[in-house]
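First comes the structure, then the notes that go with it.
The values are calculated or read from the model by the stated rules, or taken from the named source; none is laboratory data. Everything quoted here is computed from the prediction, not taken from an experiment. Cβ atoms come from the backbone with ideal geometry, glycine included; neighbour counts cover every protein chain shown.
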Amino acid sequence: MIEYLDNNENDKFTGDLRNEAFSRLHTLLPLKYKFLPESYVLTEDKEILGLITIVPTMGNPYKINISRLIFGNNYYDAGKQLVEFVIARYGSKGATSFCVTVDESHDELLQLFTQGCGFRHCASECLWKIDNLNFENVHPATFRPCQNSDAKQVSRLFNSELKSLFRPSLERDKNEYKEPFFEGLTNFYKNRYVLEEPQKKRIIAYLSITTSDNLNFIIDISTNEGYNLSYDEILYFALKEIASRKSSFYAFVKQKTYTKTSDKFGEYLNSRGFNLIQTQHVLIKDFYKPIMHSENVLQVFLFGNNRVSAN
């Protein structure tokens with residue numbers, strides 16, 4: 001489901017599974033302390049029918065991300081069983097929501113999650129490859145490294161820029177922007193930066209640069225709609241930061257279609273001649289705990305109808 005951007009996907013997949021062998025103790029931790037991926041397989045007569053990997057959200061382990069789902073041809077039900085298994089397992093431990101991103105070309109996976117497992121299509125994310133690295137007469141934006149003390153402002157910035165329709169499902173907690181204590185054990189590396197309004201010291205832009213292989217780098221930008229910020233200056237800063245560490249790399253930019261600035265950012269990416277290489281649908285399933293039956297009378301009001309019933 002999550003496709004690697006280079007040609008070493010088999011080695012990466014094998015390496016990920018080997019690393020998870022060292023995290024057996026991690027499976028014994030309560031959900032609030034989890035930070036590593038966990039994988040499960042479905043077997044029948046000693047034959048593996050499928051595999052699923054989940055990753056708790058850094059800073060908010062109650063939001064579970066399904067990062068990998070593998071099942072053979074004609075084993076649709078195996079995939080469905082694996083998804084339902086992790087929802088039941090982690091839901092019982094206190095998970096509040098489950099998220100997965102599926103490439104728009106994978107119709108079977110979209111059908112599995114939406115029709116088979118009750119996920120809803122929430123939004124989309126697009127990945128653009130930066131082919132034109134020419135930034136003549138452009139000065140890099142004056143970002144500084146993001147600190148844990150900035151987390152509250154950054155979460156407010158991100159949440160305020162969400163389109164109202166997507167806010168309940170996609171809002172982020174301030175802890176999701178804090179540097180995790182066990183960051184060195186994660187399977188990716190992320191640098192974070194913020195841009196402040198000079199006089200008010202108000203954060204007006206947030207930038208993250210993420211890589212899992214030190215070759216392909218994904219740039220993610222959140223900006224305040226009320227400021228006329230230069231995307232050229234922001235991207236130039238990001239590329240200079242990457243270039244200071246790597247002489248050869250591939251850079252990609254994420255466009256989040258659920259933000260207020262998405263259309264404007266998409267127009268910029270098109271005008272710059274960047275290539276749209278991937279569109280992924282963001283699917284969400286909220287986990288609701290059953291409410292215990294009460295001895296009190298429950299009245300149900302049906303708005304728009306002249307009926308009231310009592311159970």
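Only one residue in Leu133, Leu51, Leu110 is in the same structural domain as Lys260 (by TED's automatic domain parsing), surrounded by fewer than 20 Cβ atoms within 10 Å (Cβ to Cβ) and of a type in the set (A, V, I, L, M). Which one? Walk me through how you get there before you give the answer.
Numbers: Leu51 fails: in the same structural domain as Lys260 (by TED's automatic domain parsing); Leu110 fails: in the same structural domain as Lys260 (by TED's automatic domain parsing).
That would be Leu133, the only listed residue that is in the same structural domain as Lys260 (by TED's automatic domain parsing), surrounded by fewer than 20 Cβ atoms within 10 Å (Cβ to Cβ) and of a type in the set (A, V, I, L, M).
If I ask for residues that are under 15 Å from Phe71 (Cβ atoms) and touching a Ser or Thr at 6+ places or on another chain (Cβ under 8 Å), which ones from the stretch 41-58 would you list?
Quick first cut of the stretch 41-58, residues under 15 Å from Phe71 (Cβ atoms) only: 41-44, 47-53.
Scanning the stretch 41-58 gives Leu49, Leu51, Ile52, Thr53.
Would you mention how many residues in the stretch 240-283 are part of a loop (DSSP other than H, G, I, E, B) and among the small types (Gly, Ala, Ser)?
Pass one, the stretch 240-283, residues part of a loop (DSSP other than H, G, I, E, B): 244-249, 257-258, 260-261, 272-274.
Next, from what is left, pick out any that are among the small types (Gly, Ala, Ser): 244, 247-248, 273.
Matching residues across the stretch 240-283 total 4.
Applying the selection to the stretch 255-288, what residues are aliphatic (A, V, I, L, M) and over 19 Å from Ile66 (Cα atoms)? Explain how you work it out, then say what you get.
Initial filter on the stretch 255-288 (aliphatic (A, V, I, L, M)): 269, 276-277, 282-284.
Leu269, Leu276, Ile277, listed by residue number.
Any residue in the stretch 241-258 that is of a type in the set (A, V, I, L, M, F, W, C) sitting within a Cβ distance under 7 Å of a residue that is part of a loop (DSSP other than H, G, I, E, B) and crowded, with 18+ Cβ neighbours inside 10 Å? List the pairs, counting only those 6 or more apart or interchain.
Every condition considered, the pairs that remain are Ala251/Ile130; Phe252/Ile130; Val253/Ile130; Val253/Phe274.
Inspect all residues belonging to the stretch 71-80 and state whether any of them is assigned by TED's automatic domain parsing to the domain that holds His121, under 14 Å from Ile284 (Cα atoms) and either buried (at least 18 other Cβ atoms within 10 Å of the Cβ) or among the hydroxyl-bearing types (Ser, Thr, Tyr) (or both).
Residues of the stretch 71-80 that are assigned by TED's automatic domain parsing to the domain that holds His121, as a first pass: 71-80.
Checking which are under 14 Å from Ile284 (Cα atoms) leaves us with none.
Scanning the stretch 71-80, I find no residue that is assigned by TED's automatic domain parsing to the domain that holds His121, under 14 Å from Ile284 (Cα atoms) and either buried (at least 18 other Cβ atoms within 10 Å of the Cβ) or among the hydroxyl-bearing types (Ser, Thr, Tyr) (or both), so the answer is no.
Does Asn175 satisfy the criteria of being in contact with a Gly (Cβ under 9 Å, 6 or more places away or on another chain), of a type outside the set (D, E, K, R) and outside any strand (DSSP E or B)? First the steps, then the outcome.
Working: in contact with a Gly (Cβ under 9 Å, 6 or more places away or on another chain): yes; of a type outside the set (D, E, K, R): yes; outside any strand (DSSP E or B): yes.
Yes: the conditions hold for Asn175.
What about Val154, is it part of a helix (DSSP H, G or I), under 21 Å from the mean Cα position of the chain (by Cα) and assigned by TED's automatic domain parsing to the domain that holds Phe265? Write out each step before concluding.
Values: part of a helix (DSSP H, G or I): yes; under 21 Å from the mean Cα position of the chain (by Cα): yes; assigned by TED's automatic domain parsing to the domain that holds Phe265: yes.
For Val154, the condition - part of a helix (DSSP H, G or I), under 21 Å from the mean Cα position of the chain (by Cα) and assigned by TED's automatic domain parsing to the domain that holds Phe265 - is met.
Taking the stretch 49-70 only, how many residues are under 16 Å from the mean Cα position of the chain (by Cα) and farther than 20 Å from Tyr33 by Cα? Lay out the reasoning, then the answer.
At the first step, the residues of the stretch 49-70 found to be under 16 Å from the mean Cα position of the chain (by Cα) are 53-69.
If we keep only those that are farther than 20 Å from Tyr33 by Cα as well, we get 68-69.
Going through the stretch 49-70 one residue at a time, the tally reaches 2.
So the check is Cβ under 6 Å with 6+ separation or different chains; which pairs have a first residue in the stretch 261-284 that's free of Cβ contacts under 8 Å to residues at least 60 places away in the same chain and more than 27 Å from Thr114 (Cβ to Cβ) and a second one that's aromatic (Phe, Trp, Tyr) and surrounded by 13 or more Cβ atoms within 10 Å (Cβ to Cβ)?
Once the first residue is free of Cβ contacts under 8 Å to residues at least 60 places away in the same chain and more than 27 Å from Thr114 (Cβ to Cβ) and sits in the stretch 261-284, its partners that are aromatic (Phe, Trp, Tyr) and surrounded by 13 or more Cβ atoms within 10 Å (Cβ to Cβ) give Tyr268/Tyr231.
Name the single residue that is surrounded by the most Cβ atoms within 10 Å (Cβ to Cβ) among those in the stretch 188-208 being of a type in the set (D, E, K, R) and either assigned to a loop (DSSP other than H, G, I, E, B) or touching a Phe, Trp or Tyr at 6+ places or on another chain (Cβ under 8 Å) (or both). Give the steps one after another, and end with the answer.
Just the residues of the stretch 188-208 that are of a type in the set (D, E, K, R), to begin with: 190, 192, 196-197, 200-202.
Filter once more, keeping what is either assigned to a loop (DSSP other than H, G, I, E, B) or touching a Phe, Trp or Tyr at 6+ places or on another chain (Cβ under 8 Å) (or both): 192, 197, 200-201.
Details: Arg192: 20, Glu197: 12, Lys200: 8, Lys201: 8.
The extreme case among them is Arg192.
List every residue pair whose Cβ atoms lie under 8 Å apart, where the two residues are 6 or more positions apart in sequence or sit on different chains, the first residue falls within the stretch 188-202 and is farther than 19 Å from Leu235 by Cβ, and the second residue, located anywhere, is surrounded by fewer than 15 Cβ atoms within 10 Å (Cβ to Cβ).
The qualifying pairs are Tyr189/Asn214; Glu197/Tyr227.
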